[in-house]
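One structure is given below, encoded as C-alpha cells.
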Amino acid sequence: MATLPVYTPVIHTPEQLQKYPLKILTIKSTKNFLNTSHANVDHLRKKEGGAQLDLHPDDAEARGISDGSAVEVFNDQGRVLLTAKISDRVARGVACLPQGFWPSLMDGGRSANALTSDRLTDMGGGAALQETIAEVRLRT
C-alpha cells in the first residue's frame with residue numbers, strides 16, 4: 001500500500017527570517033496572459049499593465065510603501081523591480097508576484113525566478129518555488 005505524501009517545510013534560521021521576513025508567492029494573477037506564452041503580445045501586455053507586487057497594507061505601511069510605489073523585492077539570490085499594489089487580498093507577511101511576465105520585458109530584466117533558490121522539493125524533485133523568502137523596499 002502506498003503511503004500518503006508528507007509536507008516537509010523548509011527551515012529558515014532566525015537570522016534569515018529577520019533579514020527576509022516576507023513569504024513570496026508567484027501566483028496566476030494576470031488577467032490577459034494564460035501564462036508566459038502571451039506576455040510578449042504587445043496589445044495584451046499593454047492591457048495588462050506593468051507587473052505589480054501585491055502587498056498587505058500593514059506590511060506596506062511598515063516599509064513606507066504606498067499604492068503605486070516603485071519597489072524592489074530582494075533576497076540573497078537576486079532582486080525584482082515592480083510597482084506596489086496595496087491590498088488585503090494577501091495575508092500579512094506575504095508578498096505576491098505575478099507569474100507570466102517575461103524577464104526581458106520587465107524593469108531590470110528579472111522576474112520572480114531571480115529570487116528562487118536551486119532547492120528542490122522533497123516530493124517530485126521540482127523547483128521549490130513557494131519556499132522563497134525576501135524583503136521589499138522602495139526603489140532608490
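The values are calculated or read from the model by the stated rules, or taken from the named source; none is laboratory data. A quick note: this is a predicted structure, and the numbers were derived from the prediction, not measured. Backbone-built Cβ (ideal geometry, glycine too); neighbour counts: all protein chains shown.
Scanning the range 111-129 for residues that are surrounded by fewer than 17 Cβ atoms within 10 Å (Cβ to Cβ) and more than 9 Å from the chain's Cα centre (by Cα) yields a total of 12. Kindly check whether there is at least one residue in the range 89-107 that is in a loop (DSSP other than H, G, I, E, B) and acidic (D, E). Looking for residues that are in a loop (DSSP other than H, G, I, E, B) and acidic (D, E), one finds none in the range 89-107, hence no.
Scanning the range 49-85 for residues that are over 14 Å from the mean Cα position of the chain (by Cα), modelled with pLDDT of 95 or more and within 27 Å of H38 (Cα to Cα) yields a total of 4. Evaluating K85 against the criteria (1) surrounded by fewer than 13 Cβ atoms within 10 Å (Cβ to Cβ); (2) free of Cβ contacts under 8 Å to residues at least 40 places away in the same chain; (3) in contact with a Leu (Cβ under 8 Å, 6 or more places away or on another chain) leaves one unmet condition, (1).
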